[in-house]
Ligand code: BTN
């Protein structure tokens, strides 16, 4: 009987991993014996899974006589709680919501699912993938997106679009506005968007969007909308990030409900895309201007190895950046271009 406990198999460890994290989610000490009894495994098994939890980057403290606690409480993703945050009329558009424990990247996963033929949504519907952890999270311009376990939002939504290549530019902008709406609904204010699709708080990056497209570029394509939102970032994990950053827990001084936020994000992206289908980007131009972080500001435009200083003058009707140099305004289309606030204009 006892040896069975010690021979806890991989899948058995996995099956108590989440219940164990959930029990530790309150940030209080729990004794190994008590946890073992509650989860019907031995103390040794609990100890083994605690090491696994530590390996995920969660800080488990153990004190003799007191037991184990998580240094920072964790709220795991839960599809039922996420669905509760989505109104019924939008929920009908959600074909599937998948929560992955650990994956290289939710965008790459979505791409593989499409290429394997079973990740293509029905017309007008969405497939949604969320992960607790990404081991190779992708940012724009080939950068890494730091994605530790259980701390932030890593979310990918897939839907079909006709003539997708023509529309991605605009969609990328409105997804940024959808994130602002989702965050404002949770009481966060002073948010801005930075062309093409960063979400900022007080000029620090709070969220980013990575749009990918596959399929028949001239016909029906699959749009892969990847969203990352910082909720609880450790400075040591972010030391390679060149841009100033922030996270929701820092902004609010509270622990953010990741399920509520994920549900709000999914709902607002669905809502914004449906508005986009009806009104096009035109319907978002005022909203963009209201939240535009760089409007009329001196900025540096970086494209590959080249960089140029100028003034940001908002966006065109097609979503291009209006960039003014020496009194001449040009339209800059997305792709490999990034903007920084100018330091030495
Ligand atoms: C950016 O550089 O601003 C874009 C960041 C996008 C990150 C998200 S996290 C979920 C999805 N999966 C990825 O690998 N990247 C996107």
**Study point:** Residue check for residue 263: at pLDDT 95 or above and crowded, with 17+ Cβ neighbours inside 10 Å
**Key:** yes
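Matching residues to (1) outside the structural domain of residue 223 (by TED's automatic domain parsing); (2) touching a residue at least 24 places away in the same chain (Cβ under 8 Å); (3) within 30 Å of residue 298 (Cβ to Cβ):
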site: 127; (1), (2), (3): no, yes, no
site: 132; (1), (2), (3): no, yes, no
site: 143; (1), (2), (3): no, no, yes
site: 149; (1), (2), (3): no, yes, no
site: 159; (1), (2), (3): no, yes, no
site: 177; (1), (2), (3): no, yes, yes
Review point. Residue 50 is checked against (1) within 16 Å of the ligand (Cβ to nearest atom); (2) surrounded by 15 or more Cβ atoms within 10 Å (Cβ to Cβ); (3) within 27 Å of residue 22 (Cα to Cα) and fails just one. What number does that condition carry?
Key: (1)
Practice item. Take the stretch 91-108 and flag every residue that is surrounded by 18 or more Cβ atoms within 10 Å (Cβ to Cβ) and either farther than 24 Å from residue 59 by Cβ or away from the ligand (no atom under 16 Å from the Cβ) (or both). Key: 93, 94, 97, 105, 106, 107, 108
Review point. Can you find a residue in the stretch 203-214 that is outside any strand (DSSP E or B) and either near the ligand (Cβ under 10 Å from one of its atoms) or within 14 Å of the chain's Cα centre (by Cα) (or both)?
Key: no
Review point. So which residues in the stretch 109-123 are surrounded by fewer than 16 Cβ atoms within 10 Å (Cβ to Cβ) and part of a loop (DSSP other than H, G, I, E, B)?
Key: 116, 117, 118, 122, 123
Study note, to complete from the structure: Inside the stretch 189-237, the number of residues satisfying the requirement of being out of contact with any strand residue (DSSP E or B) (no Cβ under 7 Å at 6 or more places or on another chain), farther than 23 Å from residue 313 by Cβ and in contact (Cβ under 8 Å) with a residue 60 or more places away in the chain is 3
Review point. In the list 128, 158, 146, which residue meets the criterion of being part of a loop (DSSP other than H, G, I, E, B), in contact with a helix residue (DSSP H, G or I) (Cβ under 7 Å, 6 or more places away or on another chain) and either at pLDDT 95 or above or within 10 Å of the ligand (Cβ to nearest atom) (or both)?
Key: 146
Practice item. Would you mention how many residues in the stretch 161-193 are part of a strand (DSSP E or B) and buried (at least 24 other Cβ atoms within 10 Å of the Cβ)? Key: 1
Check your understanding: Among 34, 28, which is the only one that is in contact (Cβ under 8 Å) with a residue 12 or more places away in the chain, farther than 30 Å from residue 216 by Cα and part of a loop (DSSP other than H, G, I, E, B)?
Key -> 28
Review point. In the set 134, 151, which member is within 11 Å of the chain's Cα centre (by Cα), at pLDDT below 95, farther than 25 Å from residue 218 by Cα and within 15 Å of the ligand (Cβ to nearest atom)?
Key: 151
Review point. Checking residue 179 against (1) out of contact with any strand residue (DSSP E or B) (no Cβ under 6 Å at 6 or more places or on another chain); (2) at pLDDT 95 or above; (3) within 12 Å of the ligand (Cβ to nearest atom), which single condition isn't satisfied?
Key: (1)
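The values are calculated or read from the model by the stated rules, or taken from the named source; none is laboratory data. Computed from a prediction, not measured in an experiment: that's the story for all the values here. All Cβ positions, even for glycine, are placed from backbone atoms using ideal geometry, and neighbour counts span all protein chains on display.
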